[in-house]
Amino acid sequence: MSSMHLVSGSNSVRPLSSLREGARGRIVEVRLEDSGRVDRLLALGVTPGALVTVMQTFPGIVFLCDQTELAVERSVAATILVRPLEK
Amino acid sequence: MPCHLIHERAATAPRTLTLRARPLRIALVGQPNVGKSVVFGRLTGRYVTVSNYPGTTVAVTKGRSVVGAEVCDIVDTPGVNALDGTISEDERITRDVIASDNADLIVQIADARNIRRALMLTSQLAVFDKPMVLALNMIDEAWSRGVSIDAAALSAELGIPVVEMVAVEGRGLSELRDALASTARPDVPAHPHANDRAVWAHTLAERVRRTSTFSLAHVQEALAAATRRPVTGIPIFVAVLYALYLFVGVFGAQILVKLFEDDVFGRGINPASVWLVDHFIPVPLIRDFLVGQYGLITMGVTYSVAIVLPVVATFFLMFGFLEDSGYIPRLAIFCDRIFRVMGLNGKAVLPMVLGLGCDTMATMTTRILGTPKERLIAILLLALGIPCSAQLATIMGILGGISFAALATLFAVVLGQMFIVGWLAARVLTGDRSEFILELPPIRWPRLGNLLTKTRLRIWWYLGEAVPLFLVGTALLFVLDRIGALVVIAAAGRPIVTGLLGLPAETAQILVMGFLRRDYGAAGLFQLAHSGQLSGVQAVVALTVMTLFVPCVANFLMMVRERGLKTGLAILAVITPVAIFTGGGLNHVLHALGVRF
C-alpha cells in the first residue's frame, strides 16, 4: 500500500492533484491514510484500474472517473495515484 | 431483455409469488440519483419528489402496487453508495431496510452508464441473500454517450434477471414487472474486502460493456463545464440569482401579490365576506373573529393566500427547475472553501439551498452530510439564517418595494451573521469535518411533467401546512387582543422593540407571532409596511430579526426529532439572542451612519 512503485520518467505514477486539466490516466492506487475516505472514494468507483480525466483544477478539482463526474478538494485528489496516459 | 434466461430459471427455481399472510415487500435500492423514486412512482402511482441531485430521498417511502396477480408493497429508499465501511446516516437507513423483513425482494436500480459502480453495490447486496432483479435505468442516456451493455450476458453472470429501462418514459416497466415473477438469489462470489469487490466489478463491467468515444450530449456537456468553471460559472450564478429575483421578487412578490391582495381580496373576497358576515351573523364577537382586525378571513386567509402564496408558488416553480437541471450541486465547488471555515464542506450547499424552499425539509436533508458535527452546524445555520420560501416572499414583497440597497443590507447582515456563528460553532463544537467528495449529476433539461407535478404538490403541501398555522396564529392573536394581553405584551416588549430595535410598539405582537412561523410574522410586517407605518430602516431591522429567528414550530420539532430535545433547545437559546442583538446592532449602525434607504 505504500508508494514504492514511484518511478521517474513519462510513465511515472503521480497524484491526481498534480495533473493538468485535460490529462488522462489510470488509477494505480488510493492511498490508505484515512480508511473512511478510501471507503467513500471506492464506493464512488474511484478504484485501481479506473480511467480518469481531469476536467478542472480550480477552485476545486473536478474529474471524470469512468462515467462519474466527481468534485473533490485538493487534499483528497492528492491521495489518488494515477499513471498518466499519453495522448 | 434476456427472456429465454428468465424462463429457463423460472422453470427450475420456485416462483416467489405465492399466497402469503402479508403483501410481498419489494425494496428499491441503488446509488443516489439513479431514478429509484421515478420507478417507485411508476409502480405505485404515488408521487415522491424527484430531482436531479443525489440525496433527494432521505427517508423511506412505501406504496402499493399490483405485480402479476398480487398486491405488493414497494419500498423506496435513500440512495446508497455503499452498505459497509464508512456510511452516512441516510445510507444506514437503507441498510436497515434491506436487512429487515421490509425487503423480501430487492430491485437494484442502476445508472446504466455507471455499471461498474452498480456492480460493486450488487456484490454488497448479494450478501443479504435475497431474491434480486437488476434494472439498468437511463439506458437512453448511456446510449447517447456511447455506452451499451449486454444485458443477457450480465444476467447470466449474476444469475438474476436484468432489465433495461427508461423509467421517466415508462419504458421497460412491464419487463420489470415480468422479471419480478422470476427473481433469483444472485450468484456472486463473496467479496468481504472492498478492493476485491472493485476488481470483480471492474472485470465484469469490462466484459459486458461496450464503450465508444462518441457522444450525442455535447450541449449538456458544454453547459456542465460552463456552470462549474469560475470564469463562466460566477456570471451564470449571478444571472440565476437575477432571474430568481425577477420571477419571484418582481413577478411573484409584486405583480401577483398586488393582484391578489388589492384586487382579489381587497375588492372581492374581503368586502364580500364582510357583507355576508354582517348580514347573516348577529353575534358581534363572531363577526370580529371572522372579519375584524384579527379576523380569520381578513387576516389569516389574506396573509397566507394573498401575500405568501403567490411568491411561494413562483419560487417553487423556479426552484424545481433548478433542482431538475442538476445545477445546484455544482455550486458546491464554489462554496467549498467558504464552508470549510464554518466546519462544513461544499456538500452542505445542498441542504442550505434546499432551505430556501423549506427549512424543515432541509433539516432532514442534512442526513447526507458526513459527520454529526457537520449535521449540527448545518441545522443551526439553516434555522438561523436561511429564509424559507414563504419568508423570502415577504422579504421580497416588503424590501423589493423599498430599495435594492435595503434588500442587499438584509442579506449581507444575515450571511455575515451565519458566517460568524458558523465559524464559532466550528471551533466550539467537538468532532470532525469530512472531506469534500461530491458526485455531480449531469446537466439535464427539466421535464415539464415532473416540474409541474412537483410544484403543484408543494403548493398543496404549503396550503396544508402553513394555512392552518396562520389561522391558529390569527385566532390566538384575536384571543390575546380580547383579553387585553396584546397591550401587556407590547408593554413588556417595549424596552427591546422600541428601545433596542427602534421599531413601532405594534411590532411586538408581530415578533411574537414570528415565533410561531416567521413568515407569519413577516406577513404582519408586510401589512404594517404597506400602510406606511414602517420606515425603510425599521423594515430592514424588523425583517433581519425575523429572518434570524427559528423558522417555525415545525422546524423546531424537526430539529428535536433529528438531534434531540436538548440540542433543539440549545439551538433556540443561541439563535434568539443572536437575532435580537444583531437587530439592535444593525439599528444603531444604520442610525449612526444616517442611512435612509
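From (1) surrounded by fewer than 16 Cβ atoms within 10 Å (Cβ to Cβ); (2) more than 26 Å from B:ALA225 (Cα to Cα), pick out the condition that doesn't hold for A:GLU29.
The single condition A:GLU29 does not satisfy is (1).
From the set of residues in the range B:52-77 that are modelled with pLDDT of 90 or more and crowded, with 23+ Cβ neighbours inside 10 Å, which is farthest from the chain's Cα centre (by Cα)?
Only one residue tops the list, namely B:ILE74.
Considering only residues that are of a type outside the set (Lys, Arg) and in contact (Cβ under 8 Å) with a residue 24 or more places away in the chain, which ones fall in the range B:558-571?
First pass over the range B:558-571, keeping only residues of a type outside the set (Lys, Arg): B:558-560, B:562, B:564-565, B:567-571.
If the condition is that a residue be of a type outside the set (Lys, Arg) and in contact (Cβ under 8 Å) with a residue 24 or more places away in the chain, then B:MET558, B:MET559, B:GLU562, B:THR567, B:ILE571 are the ones that fit.
Go through the range B:223-261 and give me each residue that's surrounded by fewer than 20 Cβ atoms within 10 Å (Cβ to Cβ) and among the charged types (D, E, K, R).
B:ARG229, B:LYS258, listed by residue number.
Provide a single number: the residues in the range A:31-56 that are hydroxyl-bearing (Ser, Thr, Tyr), at the interface with chain B (Cβ under 7 Å from one of its Cβ atoms) and touching a strand residue (DSSP E or B) at 6+ places or on another chain (Cβ under 6 Å).
0
Which members of the range A:57-80 meet the condition of being under 13 Å from B:ARG229 (Cα atoms), of a type in the set (Val, Ile, Thr) and within 7 Å of chain B (Cβ to nearest Cβ)?
So in the range A:57-80, the residues under 13 Å from B:ARG229 (Cα atoms) come out as A:57-63, A:71.
So of that shortlist, the ones also of a type in the set (Val, Ile, Thr) come out as A:57, A:61-62.
Of everything in the range A:57-80, just one residue is under 13 Å from B:ARG229 (Cα atoms), of a type in the set (Val, Ile, Thr) and within 7 Å of chain B (Cβ to nearest Cβ), namely A:VAL62.
Considering only residues that are more than 10 Å from chain A (Cβ to nearest Cβ), in a loop (DSSP other than H, G, I, E, B) and buried (at least 21 other Cβ atoms within 10 Å of the Cβ), which ones fall in the range B:327-356?
B:TYR327, B:MET342, B:GLY343, B:LEU344
Filter the helices (runs of 4 or more DSSP H) completely within the range B:87-206 down to those with at least 2 residues that are over 33 Å from the mean Cα position of the chain (by Cα), modelled with pLDDT of 95 or more and farther than 19 Å from B:PHE40 by Cα. Break it down into steps so the answer makes sense when it comes.
Working: elements: B:89-99, B:115-126, B:139-144, B:151-158, B:173-180.
Filter on the range B:87-206 gives B:151-158.
If only one of B:ILE93, B:ILE115 is hydrophobic (A, V, I, L, M, F, W, C) and either on the phi > 0 side of the Ramachandran plot or touching a Ser or Thr at 6+ places or on another chain (Cβ under 8 Å) (or both), which one is it? Step through it out loud before you land on a result.
Details: B:ILE115 fails: either on the phi > 0 side of the Ramachandran plot or touching a Ser or Thr at 6+ places or on another chain (Cβ under 8 Å) (or both).
After ruling out the rest, the residue left standing is B:ILE93.
Restricting attention to the range B:307-320, report how many residues are farther than 14 Å from B:LEU457 by Cα and under 13 Å from the mean Cα position of the chain (by Cα). Quick ask: steps written out before the conclusion?
We begin by selecting, within the range B:307-320, every residue farther than 14 Å from B:LEU457 by Cα; these are B:307-308, B:310-311, B:318.
In the following step, the residues that additionally are under 13 Å from the mean Cα position of the chain (by Cα) were identified as none.
Going through the range B:307-320 one residue at a time, the tally reaches 0.
Take the range B:307-335 and flag every residue that is within 19 Å of B:GLY252 (Cα to Cα), of a type in the set (A, V, I, L, M) and in contact with a Leu (Cβ under 9 Å, 6 or more places away or on another chain).
Filtering the range B:307-335 for residues within 19 Å of B:GLY252 (Cα to Cα) gives B:307-322.
Then keep just the ones that are of a type in the set (A, V, I, L, M); that gives B:307-309, B:311-313, B:317-318, B:322.
The answer is B:LEU309, B:VAL311, B:VAL312, B:ALA313, B:LEU317, B:MET318, B:LEU322.
List pairs: first residue in the range B:469-484 and not polar (S, T, N, Q), second residue not in a helix (DSSP H, G or I) anywhere in the structure, Cβ distance under 6 angstrom, at least six positions apart or on different chains.
B:LEU469/B:ARG517; B:LEU477/B:TYR294; B:PHE478/B:TYR294; B:ASP481/B:TYR294
B:LEU593 fails exactly one of the following numbered conditions: (1) in contact (Cβ under 8 Å) with a residue 12 or more places away in the chain; (2) over 22 Å from the mean Cα position of the chain (by Cα). What is the number of that condition?
(1)
Collect the residues in the range B:279-291 that are surrounded by 12 or more Cβ atoms within 10 Å (Cβ to Cβ) and assigned to a helix (DSSP H, G or I), keeping them in residue-number order.
Filtering the range B:279-291 for residues surrounded by 12 or more Cβ atoms within 10 Å (Cβ to Cβ) gives B:281, B:286-291.
Residues satisfying the conditions are B:ILE286, B:ARG287, B:ASP288, B:PHE289, B:LEU290, B:VAL291.
Do the conditions hold for B:PHE581, that is, is it under 22 Å from the mean Cα position of the chain (by Cα) and of a type in the set (Phe, Trp, Tyr)?
It is false that B:PHE581 is under 22 Å from the mean Cα position of the chain (by Cα) and of a type in the set (Phe, Trp, Tyr).
With the requirement that a residue be within 14 Å of chain A (Cβ to nearest Cβ), without any contact (Cβ under 8 Å) to a residue 60 or more places away in the chain and part of a helix (DSSP H, G or I), what does the range B:222-247 give you?
Step one: filter the range B:222-247 for residues within 14 Å of chain A (Cβ to nearest Cβ), giving B:222-234, B:237.
Add one more test, that the residue is without any contact (Cβ under 8 Å) to a residue 60 or more places away in the chain, and what stays is B:222, B:225-226, B:229, B:231-232.
Correct list: B:ALA222, B:ALA225, B:ALA226, B:VAL231, B:THR232.
Look through the range B:145-165, keep the residues that are surrounded by fewer than 20 Cβ atoms within 10 Å (Cβ to Cβ) and in contact with a helix residue (DSSP H, G or I) (Cβ under 9 Å, 6 or more places away or on another chain), and return whichever of them is nearest to the other protein chains (Cβ to nearest Cβ). Steps first, answer last, please.
Filtering the range B:145-165 for residues surrounded by fewer than 20 Cβ atoms within 10 Å (Cβ to Cβ) gives B:146, B:148, B:150, B:152-153, B:156-157, B:159.
Next cut, in contact with a helix residue (DSSP H, G or I) (Cβ under 9 Å, 6 or more places away or on another chain) only: B:148, B:150, B:152-153, B:156-157, B:159.
Values: B:SER148: 13, B:ASP150: 17, B:ALA152: 21, B:ALA153: 19, B:ALA156: 23, B:GLU157: 18, B:GLY159: 23 Å.
This residue is B:SER148.
Among the residues of the range B:427-454, count how many are at pLDDT below 90 and basic (Lys, Arg).
Summing the residues that are at pLDDT below 90 and basic (Lys, Arg) in the range B:427-454 gives 1.
The values are calculated or read from the model by the stated rules, or taken from the named source; none is laboratory data. Fair warning: this is a prediction, and the values are worked out from it, not measured in the lab. In this analysis, Cβ positions are derived from the backbone assuming ideal geometry, glycine residues included, and neighbour counts consider all displayed protein chains.
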